[in-house]
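Here the structure comes first, spelled out in structure tokens, and everything after it is commentary.
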Amino acid sequence: IVSIETGKLSTWSRPECDREPKMSKKGKGKAEKTAPEGGDGLTGSFTNDFPIHCQQQGLPAVPVRTLTRPGAPPTGDTPTTPSVFLEEGVGPGFLRAIHLRNFLLEDRLLKALTSSLEGIQCTAILLWNVGLNDDTTSKLVPLVANCAVRKLALDGNKVSPNHVLSLLQTSIEHLSLKCCSLGDAFCEVIGPALSANTSLLSLDLSSNQITDEGVCHLARGLRLNRTLLSLGLAGNRVADEGVAALCKVLVKFPLTREEETQRRTLLAANTPEIPVSSSGRSSSGASLDKSGRGGGKGKKREEGGKVSAAGKAGKGVKGGGKKGVKTEVGVEEPPTGSQVGMAGRSDQPLLDLVTEGDGQLWMSGNSSLAHLTLSCNRVGVEGVASLLGVLRALQNPTIPSLPSDLSARERTGEQTGTGLLRVTLEHNCVPADCDEVKEITLLIKSRDPLATPTTPPHQTVN
């Protein structure tokens with residue numbers, strides 16, 4: 001890591017460049033300057049203002065280099081002078097991305113960065129191996145929120161789980177935490193946050209120290225998550241137990257007692273009320289007697305002339321020839337095999353349709369997760385078999401992998417996503433000629449809309 005103040009370079013060497021970032025022709029390799037508007041020379045342009053703010057913080061002026069190829073990584077020879085690489089946006093006040101690599105992002109430099117980004121929206125901030133600590137990471141959170149950052153990469157830094165919790169409350173949609181020495185304790189803190197998060201689309205935890213225990217924490221967080229599309233766990237210590245825990249939440253699963261209690265509370269809070277007109281008829285057309293009761297038992301007239309819609313289920317719903325049982329907030333639960341709930345409520349998954357079977361309430365599994373990366377782990381034949389069972393269930397919902405009293409339609413449930421479309425399993429503890437791996441490859445090929453004709457990936461035995 002290069003220190004801005006001393007200019008000393010550590011023994012770590014950057015990868016050899018495949019293409020040197022081109023400088024602006026106008027600046028001829030130097031930071032492009034804009035005519036100053038004030039005595040301090042600040043113009044509102046990040047390219048012009050960042051070196052000035054560095055000097056105001058007592059640091060050498062750090063040049064800003066513009067990447068001419070959008071999305072190109074800031075590769076180059078081992079730097080002797082730290083630089084900030086920039087991808088410009090579509091207009092003034094907008095930046096596509098800011099890259100900082102391999103030099104110390106100390107407090108003064110972070111202040112200069114924050115001052116230069118005032119009033120600017122930046123889509124992505126990529127900080128690779130910049131020596132973040134608790135102090136600088138805590139100051140990074142408001143910067144991410146103020147700039148409406150949607151993609152944040154903190155690869156190669158030591159990150160506290162509490163600060164990640166704060167970052168998950170911002171507008172971030174893509175979070176990369178590769179090579180951050182994260183373990184199971186991190187997953188134990190982040191898992192519950194994933195359950196309530198509704199903005200994060202991709203999470204990359206590759207090249208860390210996560211084991212089966214940590215994956216189990218993440219799996220519990222994915223039970224009620226309906227927004228995460230991609231999860232990267234490559235290069236960890238995940239084995240069969242962790243893969244099995246993930247697979248259990250990707251297909252229909254039973255609600256826990258705590259989740260059932262939360263569901264009853266949400267149903268009570270979200271039950272609509274039916275207004276009653278002066279003629280004694282509800283807005284839905286159902287007639288009411290003098291006492292305010294309708295055709296079904298259990299309807300109670302409330303103050304203000306309203307009737308709770310929960311009373312509409314007084315006699316239960318026909319289905320299977322069995323009478324319903326009162327289970328949720330005095331509402332008679334439909335009999336075995338019936339579905340109840342509110343479809344299309346991704347913000348409250350517990351309000352989605354559920355099915356009663358074997359004395360439990362069964363909810364549709366997480367069908368939003370489409371990309372799962374498990375390369376370079378310790379997954380064996382049992383873990384591969386678990387993944388194969390999920391893909392078979394997604395491909396053919398009639399497979400009897402759930403309670404016997406659930407029909408084929410009920411096994412599928414109300415899906416809010418596509419289910420797994422891409423799974424990577426290279427370099428695990430699976431024989432190269434494993435039949436399960438070959439079948440997974442074929443199923444993914446048939447499901448992945450972007451798949452190209454390829455041979456099954458080579459599997460190595462660790």
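The values are calculated or read from the model by the stated rules, or taken from the named source; none is laboratory data. Note that this is a predicted model, so its numbers are computed, not measured. Don't worry about glycine lacking a Cβ; one is built from the backbone with ideal geometry, like all the others, and counts go over all protein chains shown. Just so you know, the surface numbers come from the protein's heavy atoms only, side chains and all, with ligands and any DNA or RNA stripped out. Shrake-Rupley method; radii C 1.70, N 1.55, O 1.52, S 1.80 Å.
Counting heavy atoms of the protein chains alone, Asp134 has an accessible area of about 100 Å² for a 1.4 Å probe.
At full extension, Leu450 and Ser171 could sit 97.6 nm farther apart than now, given 0.36 nm per residue minus the alpha carbon distance. Once the Cα-Cα distance is subtracted from the 0.36 nm per residue extended length, the Thr66 to Thr261 segment shows a gain of 64.8 nm. Using a cut-off of 9 Å between beta-carbons, work out the net charge of the residues near Leu95 (Lys and Arg +1, Asp and Glu -1, Leu95 not included). Every neighbour counted, the sum reads -1. Its residue count N sets the reference 2.2 N^0.38 Å, and the alpha-carbon radius of gyration of region 207-272 equals 1.38 times that reference. How big, in percent, is the set of alpha carbon pairs in region 180-229 lying more than 12 Å apart? Of the Cα pairs, 60 percent sit more than 12 Å apart.
Add +1 for every Lys or Arg and -1 for every Asp or Glu among the other residues with Cβ under 13 Å from the Cβ of Asp204, and state the total. Net charge in that neighbourhood comes out at 0. For the peptides 378-391, 255-268, the ranking by packing is 378-391, 255-268, with the highest mean count of neighbouring Cβ atoms within 10 Å listed first.
Take the Cβ atoms of Asp135 and Glu439, set R0 to 56 Å, and the FRET efficiency comes out at 0.65.
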